[in-house]
1. What are the pairs with Cβ atoms under 8 angstrom where one residue, in segment B:202-228, is open to solvent by less than 20 Å² (accessible area, probe 1.4 Å) and the other, located anywhere, is of a type in the set (S, T, N, Q) and part of a helix (DSSP H, G or I)? Sequence gap at least six, or different chains.
2. Which residues, counting only those in segment B:102-117, are out of contact with any strand residue (DSSP E or B) (no Cβ under 9 Å at 6 or more places or on another chain) and within 7 Å of another protein chain (Cβ to nearest Cβ)?
3. Please tell me if B:Ala303 is within 12 Å of chain A (Cβ to nearest Cβ), at pLDDT 95 or above, crowded, with 19+ Cβ neighbours inside 10 Å and not in a loop (DSSP other than H, G, I, E, B).
4. Which condition number does A:Leu189 fail, the rest of (1) open to solvent by less than 10 Å² (accessible area, probe 1.4 Å); (2) touching a residue at least 60 places away in the same chain (Cβ under 8 Å); (3) among the aliphatic types (A, V, I, L, M) being met?
5. Kindly establish whether A:Glu214 is modelled with pLDDT under 95 and assigned by the TED database to the domain that holds A:Arg294.
6. Of the conditions (1) over 13 Å from the mean Cα position of the chain (by Cα); (2) farther than 22 Å from B:Ile87 by Cβ, B:Arg141 satisfies every one except a single condition; which number is it?
7. So, in segment B:260-293, of the ones that are buried (at least 21 other Cβ atoms within 10 Å of the Cβ) and of a type in the set (S, T, N, Q), which residue ends up farthest from the other protein chains (Cβ to nearest Cβ)?
8. Out of the residues in segment A:258-296 meeting the condition of being closer than 24 Å to B:Gly347 by Cβ and assigned to a strand (DSSP E or B), tell me which one is nearest to the chain's Cα centre (by Cα).
There are 2 protein chains.
Amino acid sequence: MDTVSRKTDGMRRPTIKDVAERAKVSLKTVSRVINNEPSVMQATRSRVLAAIAELDYEPDATARNLRSGTPFVIGLVYDNPNPYHIIAVQNGVLAACRETGFGLQIHPCDSTSPLLAEELAELVQRSRLAGLVLTAPMSERPDLVAALVARGIRVVRIIAATEDPGDGPCVYIDDRDAAYEITEHLIQLGHQRIGFLWGGPQHRSSAERYAGYEAALNDYGITLDKHLVIPGDYTFDDGFRGARRLLALREPPTAIFGSNDEIAAGVLAAAKSVGLNVPYDLSIAGFEDSPFSRQSWPALTTAKQATEDIARHAARLLIGSLRQDAYAEHPLGLSNQGFVPQLVVRGSTGPAPLPRARAASPSSDEA
Amino acid sequence: MDTVSRKTDGMRRPTIKDVAERAKVSLKTVSRVINNEPSVMQATRSRVLAAIAELDYEPDATARNLRSGTPFVIGLVYDNPNPYHIIAVQNGVLAACRETGFGLQIHPCDSTSPLLAEELAELVQRSRLAGLVLTAPMSERPDLVAALVARGIRVVRIIAATEDPGDGPCVYIDDRDAAYEITEHLIQLGHQRIGFLWGGPQHRSSAERYAGYEAALNDYGITLDKHLVIPGDYTFDDGFRGARRLLALREPPTAIFGSNDEIAAGVLAAAKSVGLNVPYDLSIAGFEDSPFSRQSWPALTTAKQATEDIARHAARLLIGSLRQDAYAEHPLGLSNQGFVPQLVVRGSTGPAPLPRARAASPSSDEA
């Protein structure tokens, strides 16, 4: 009878295009009927509604939620072990929500769950969320993002990238550039053996920060010693353990770059646990400029990541796109934006110790 | 014509009782009509609906939200400067939400705002929240709680109290008892001059912790020296500043009890900044058992407050009361519950230094 497959005929979900074809009207007309706009003739409206019923078509989740008169609420999805970081992200998103009268639902999750797309889709439907702000590592899983978009869920991603990947709404943080700067700072202080402690490999930021470290060593002609590079997660405990391993090397590093401030805090504790004086015996740098980095003794050299601003921009991007639908007269008119964390030098980094200061070895008299 | 005042006649809002009187039916019948239950005769239903319209009566917010088919979402209200604490509270509430399919909206606020009741009522209405978990200090402002309850908003409070105050659903934490234990621990280590740094005075927990400190000194016959008690807030910075003041005294304390772990972390930094060795020169205790207390060097003696469990119980209490309305067959059957934080001894507290170890004064030879 027609070429449009019914939902029951196969896996493909009917689209708005199928409805338009079946009702023999334009896409815009279907959209007007769905949005209950008055400018559609009754006969046309009936034809569209009949096509929607016959095809068992469901308009996308976002449109449905906006139309239903449900309060405007967005969701924030995260899987991050660092309370300071999460609170900063929440506060940034909340700032955008407050500007626009939106509410915020939070949804910590397990980023490794194979059913994450289903879990998030159910969350959006059950709580009628207008859209999601996805943080890393969820935001950096193309399969997950595609599955959500296919379900008609509007997402904005916060990702680590040197430039806009051009595949949808996002805020991107140039972790590589900032990590390069930190490493360069250590090299310029005379450090040649610089340890690097990775964050969680599922976060693209970890690889980006490592790439910045590697590039700086390379540019300054320092050979990368693989023994100085330790895998781990973005936690204090992994910082402590990793630093203990590095400090037990026959030739320990004179500086350690922890991939975030929690890791660096663990390095600081490890240094104290073996009686090292920071920064005289060992320089330590972190990443993020969390409150802890200012409160430790000595305070940590780090890269100031404007986490609240980044999260706020992501939420404004999401809300702006929703309002363009709902209130076309008040678009926020925002676009994707990049952020580069800035080097902040504090007391935890200093000149590399002279060789003789570290060990009274025969070779030390060369200094 | 009748004795029931119209909404426009005065400030008093019409109640369900007014509707029942006007329609000449029982309260239960009005409730059945509001809840759209089938067991009401059509004539009765019409009379009740007419009375509701004439009185401009609005059923309470919770009932309205549950009835409207809106997703079940509760709100968490807080004003606390401590990220670790907030994340623990959120995680506890989220655990209860996950058990029951509820969503969680978060709402940090300014506890000193004179319009807080209006702000929260608007939040509940706009986001159609089924109820609120109130943390301190909001939970400890009787005027605010009364204003919310008067608006038909269901609240469960997390408060500091030695026993159930018996004025509504709450979870109460016996901060006083735990603070007594910490102070006793310090006294038993030989400390006689024990500094105390207050948390924010708007939190009842601050006064309770101070009361525990005072009671322990009293029981052990130690005269309270007012110079050793410093006001402040639950922050690292106030801990740092307060400790610097105490350590600059002509007769400084040999131990400092910070009202929470953030304050104690500030004390630790202050001690290091003046070259003191913890715990040999100075013992330090905190309160809460936050991750920081385990990560500092040395780790902090503290009172383990089961923040996640406390928050989870509060949320279950709230959700249970909602479900008793909505699903009378599945009440969670919970009641108010008290928690007593437990002393955890770690490396930051040790024996009081002998007088001669602190200053080579003439009186030191008495030791």
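The values are calculated or read from the model by the stated rules, or taken from the named source; none is laboratory data. A quick note: this is a predicted structure, and the numbers were derived from the prediction, not measured. So basically every Cβ, Gly included, is an ideal-geometry build from the backbone, and we count neighbours across all protein chains shown. Ligands, DNA and RNA are stripped out before the accessible areas are found, and what is left, the full protein with its side chains, is counted by its heavy atoms. Shrake-Rupley method; radii C 1.70, N 1.55, O 1.52, S 1.80 Å.
1. B:Gly212/B:Thr183; B:Tyr213/B:Thr183; B:Ala216/B:Thr183; B:Leu217/B:Thr183
2. none
3. So B:Ala303 fails the test.
4. For A:Leu189, the exception is condition (1).
5. Spelling it out, it is not the case that A:Glu214 is modelled with pLDDT under 95 and assigned by the TED database to the domain that holds A:Arg294.
6. Of (1) over 13 Å from the mean Cα position of the chain (by Cα); (2) farther than 22 Å from B:Ile87 by Cβ, only one is false for B:Arg141: (1).
7. B:Ser283
8. Restricting to residues being closer than 24 Å to B:Gly347 by Cβ and assigned to a strand (DSSP E or B), the top hit is A:Gly258.
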